[in-house]
1. Just one of the numbered conditions (1) among the small types (Gly, Ala, Ser); (2) assigned by TED's automatic domain parsing to the domain that holds THR234; (3) exposed (fewer than 13 other Cβ atoms within 10 Å of the Cβ) is not true of ALA120; which one?
2. Considering only residues that are over 21 Å from the mean Cα position of the chain (by Cα) and surrounded by 16 or more Cβ atoms within 10 Å (Cβ to Cβ), which ones fall in segment 201-218?
3. Kindly provide the set of residues from segment 23-79 that are of a type in the set (Val, Ile, Thr) and in contact with a Phe, Trp or Tyr (Cβ under 6 Å, 6 or more places away or on another chain), ordered by number.
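The values are calculated or read from the model by the stated rules, or taken from the named source; none is laboratory data. Please read all numbers here as calculations on a predicted model, not as lab measurements. Quick reminder, even Gly has a Cβ in these numbers, built from the backbone with ideal geometry, and neighbours come from all protein chains shown.
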Amino acid sequence: MKLNFTFVLAFLFSTSLLYNCSPIPISRVSLDKEDVGYWQRGTAIGEKVADDLIVEAVYSHSDKKFDYFDVAIENTGEDRALIDPKTFSLHDPFSGGKFRGVDPELMILNLEMKDSKRKANNKTLAIVAGAAIIAGTVAVIAADGDGSSAVCDTDDDYFYYDDTYLFTDLTPRNLPPMNYQYFGQEPILSTNYQDLPDSKQIDFWKGFAFRKSTLFQNQRMRGLVAFVKDKNRTKSILNIPTGTEELSFKFVHEKHKP
């Protein structure tokens with residue numbers, strides 16, 4: 001019995017050495033203290049003014065492809081202002097790399113094209129499957145050979161398969177519950193990003209991304225601006241042009257190891 005207990009201890013010790021699970025580092029992206037405009041629920045918000053535009057910015061979250069920044073712009077002047085996220089940029093002061101904001105309109109078009117192609121492929125498969133069933137039925141009737149004649153339905157829509165029966169990534173069954181609101185006019189940071197659709201879903205780019213807009217006097221627009229992710233970032237500068245100026249917000253990317 002003593003020998004077995006010693007063996008168990010040795011096994012557990014060796015297993016712990018081989019399969020030591022290290023804690024996952026905690027990633028944090030925070031605004032540089034020099035660019036803090038105000039604080040909201042423990043989070044520093046960048047706030048700057050230029051050309052009658054009040055610009056607010058804060059880091060939102062990341063996924064496997066993109067880093068997202070929450071941006072709100074309000075036009076307090078009499079002149080209208082055209083805001084385009086494609087003109088936003090994220091600059092790495094160490095590597096010198098510069099990333100343009102992802103174009104939501106292009107993402108929407110790409111997703112619609114993929115969805116159209118997927119639907120066409122599904123219809124083709126459905127027609128082929130229907131033809132195979134017909135061929136099998138004809139073969140069975142021919143095999144019976146009782147001399148009776150069969151009535152064929154020649155309606156062109158007989159083998160029509162409605163889109164609602166076709167599975168695509170954009171059908172409602174794959175979207176999260178619609179318990180969230182579009183935040184185009186909401187105060188910054190009012191929406192939990194975990195409640196939003198991800199970037200693979202067209203709803204994200206249509207309802208939650210910052211889209212190209214003309215802001216008239218006293219109008220405000222808010223949305224997420226995506227930049228291609230770089231896991232090696234330690235610092236970044238978000239640049240937002242306003243017309244005659246370019247407002248900059250510095251961010252620090254840190255990983256805290258437990």
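1. (2)
2. Of everything in segment 201-218, just one residue is over 21 Å from the mean Cα position of the chain (by Cα) and surrounded by 16 or more Cβ atoms within 10 Å (Cβ to Cβ), namely LEU215.
3. Result: VAL29, ILE45, VAL71.
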